[in-house]
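Comments concern the structure below.
The values are calculated or read from the model by the stated rules, or taken from the named source; none is laboratory data. All values reported here derive from a predicted model rather than from experimental measurement. Heads up, the Cβs are rebuilt from the backbone with ideal geometry, glycines too, and the neighbour counts pull from every protein chain shown. With ligands, DNA and RNA removed, areas are computed over all heavy atoms of the protein, side chains included. Shrake-Rupley method; radii C 1.70, N 1.55, O 1.52, S 1.80 Å.
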Amino acid sequence: MKNKIIERFISYVTVDTQSNEEVATCPSTVGQLVLAKQLVEELQAIGMAEVTMDENGYVMATLPSNTEKRVPTIGFLAHVDTATDFTGKDVKPQIVEVYDGRDLLLHKQLNVVLSPKDFPSLHDYKGHTLITTDGTTLLGADNKAGITEIMTAMDYLIQHPEIKHGKIRVAFTPDEEIGRGPHKFDVEAFNAQFAYTVDGGPLGELEYESFNAASAKITIKGTNIHPGTAKGKMINSAKIAMELHSKLPVEEAPESTEGYEGFYHLLSIQGEVEETKLSYIIRDFDKQKFQDRKKFIMQIVEKLNEKYGEGQVILELNDQYFNMKEKIEPVKEIVDIAYEAMERLGIEPKISPIRGGTDGSQLSYMGLPTPNIFTGGENFHGKYEFISVDNMEKATSVIVGIASLFEEKAE
């Protein structure tokens, strides 16, 4: 299984599937379609049934039931796109056969070093087979590790018919990283009662709570006048942007929060005197606090317009997804089954809130309760991203274990 995992994973990460929120098409980039077509061929090759890909790049397939019991149809999902935070072009994965616990030189010329001093969690991986970047791109374990593990688990179940299971549906989706993953997902066609995204991080992660999330795009208009004659005439949009940001609480930012603490996060700022654009994301687990955060942004914009003139500051505020806990708690048994599957494999389950979102955040509100399980990766979205192949094997075994447990517990 280990060699097959490595082979699959490398074949996926070397396809550039970085999504692009500036593009309205679905998928937002051609590379996602390239990988989706590759996955269709592979699903057919391993013997999956009802393999489909629609015009938007959503891939679905079925592993038929091999039991006479009445077992709920369950699904496993992963997304094909990689994050927009760092380049995903020309990924050159590097394999570390037996990690010795010391610094890993990812790129000699650029002196990019993956060190336990900076990333203490590396101490947990001594003796593991690791896959890293070459220091110039992200790796793409988020979420091509999930694709690898689902594909390998289905292959394993097909090769081992003695493991009884109900009907299993799998799906590989586009544009999760830009919040659009479920937008064109056909829940009715998927036809599962419950599902799991395989989109988590380190070993044992099991998550069924996510942020409530919104995006705030702010455009500030200015008036550029020659500085020598600007008194009373110039409106410097860049300075208004600084003023706006200064009104947000400094400690309520990603770099200062953890656990259930929410935040405002400035993703980007671009501008000059005439016009400045800011892009924020707003996050909170508590629904009322989430609403309060959005209201606070609106109040800041309102006061700046009162100060500088109506229409000078334009806010575009949009909800992205909501805390999936509300939809999963009524069917908490699906979390309990994943928990038990991990325990049976000697994995300590670590239930924690997702300080982010997965496709499951939206799918749960679309009628498909979807908690999230680990993939084995760390440091997603950057050049220090890495994954343990040993833990990818364990994630694959958890998928098999979940399928088996649903059958075992059925009447």
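Of note:
- Overall dimensions of region 95-191, expressed as equivalent-ellipsoid semi-axes from the Cα gyration tensor (√(5λ), whole Å, largest first), are 35, 21, 10.
- Normalised Debye scattering of region 287-347 at q = 0.14 Å⁻¹ gives log10 I(q)/I(0) of -0.62, counting only Cα atoms as equal scatterers and leaving out solvent.
- Cα coordinate range in the chain, projected on the principal axes (Å, largest first): 83, 50, 38
- Secondary structure note: in the chain, about 75% of the DSSP beta bridges are antiparallel.
- Computed from Cα positions, the angle between helix 141-159 and the longest principal axis of the chain comes to roughly 20 degrees.
- Note on region 170-225: the C-alpha convex hull projects to 7.3 nm² when averaged across all orientations.
- Extension gain (nm, one decimal) between Glu343 and Asp100, 0.36 nm per residue minus Cα-Cα: 84.7 nm
- Over region 257-297, the reciprocal of the mean inverse Cα-Cα separation, the Kirkwood hydrodynamic radius, stands at 11.6 Å.
- Segment Lys287-Glu162, extension gain: residue separation times 0.36 nm, minus the distance between their alpha carbons: 40.4 nm
- Value of relative contact order over the chain, rounded to a whole percent, pairs C-alpha under 8 Å and six or more apart: 24 percent
- Relative intensity, log₁₀ I(q)/I(0), of region 40-117 from a Debye sum that treats every alpha carbon as a point, q = 0.15, 0.25, 0.26, 0.27 Å⁻¹: -0.84, -1.30, -1.35, -1.38
- Size of electric dipole in the chain: Cβ of Lys, Arg +1 and of Asp, Glu -1, about Cα centre, debye, nearest 20: 780 debye
- Size descriptors for region 217-286: radius of gyration and Dmax over Cα atoms are 15.4, 51 Å.
- Placing a label point 7 Å from the Cα of Glu306 along the Cα-to-Cβ direction, the residues of region 241-274 with a backbone N closer than 20 Å are 241-249.
- DSSP beta bridges fully contained in region 65-172 are about 55 percent antiparallel.
- Debye log10 I(q)/I(0) for region 205-249, one point scatterer per Cα, at q = 0.14, 0.33 Å⁻¹: -0.54, -1.15
- Region 51-184, relative contact order [Cα under 8 Å, separation at least 6], %: 45 percent
- Each label point was placed 7 Å from the Cα along the Cα-to-Cβ direction; for Gln299 and Gln109 their separation is 5.3 nm.
- Shown is the FRET efficiency for Ser215 and Met1, computed with R0 = 60 Å from the Cβ-Cβ distance and rounded to the nearest 0.05: 0.90.
- Heavy-atom SASA rank of His226, His128, His165 (probe 1.4 Å, accessible area, largest first): His226, His128, His165
- Compared with the alpha-carbon gap, the fully stretched path from Ser11 to Glu243 is longer by 78.8 nm at 0.36 nm per residue.
- Positive-end residue of Ser11, Ser65, Tyr339, charge dipole of the chain with Cβ unit charges: Ser11
- Given +1 at the Cβ of Lys and Arg, -1 at the Cβ of Asp and Glu and no other charges, the dipole of region 169-305 around its Cα centre is 960 debye to the nearest 20.
- Taking Cα centre as origin and charging only the Cβ of basic (Lys, Arg, +1) and acidic (Asp, Glu, -1) residues, the dipole magnitude of region 39-147 rounds to 360 debye.
- Angle in degrees between helix 333-344 and the longest Cα principal axis of the chain, rounded to the nearest 10: 60 degrees
- Histogram of C-alpha separations across region 265-395, 5 Å bin width, %: 2, 8, 12, 15, 15, 13, 11, 8, 6, 4, 3, 1, 0
- Cα gyration tensor shape of region 192-344, rounded if a/c is under 1.5, else prolate or oblate by comparing a/b with b/c: prolate
- Between the Cα long axis of helix 287-308 and the first principal axis of the chain there is an angle of about 20°, rounded to the nearest 10.
- Table column - 3J(HN,Hα) (Hz), region 179-192, Karplus curve with 6.51, -1.76, 1.60, x for Gly and Pro: x, 9, x, x, 4, 10, 6, 8, 4, 5, 5, 5, 6, 10
- Candidates Thr52, Thr358, Thr82, ranked by Gaussian network fluctuation over the chain, Cα under 10 Å, top entry: Thr52
- Cβ-derived FRET efficiency at R0 45 Å, Met234 paired with Glu333, nearest 0.05: 0.10
- Taking only the Cα atoms of region 1-130, the ratio Rg/Rh comes out at 1.05, with Rh defined as the Kirkwood radius.
- Other residues with beta-carbon under 11 Å from the beta-carbon of Tyr321 carry, at +1 per Lys or Arg and -1 per Asp or Glu, a net charge of -1.
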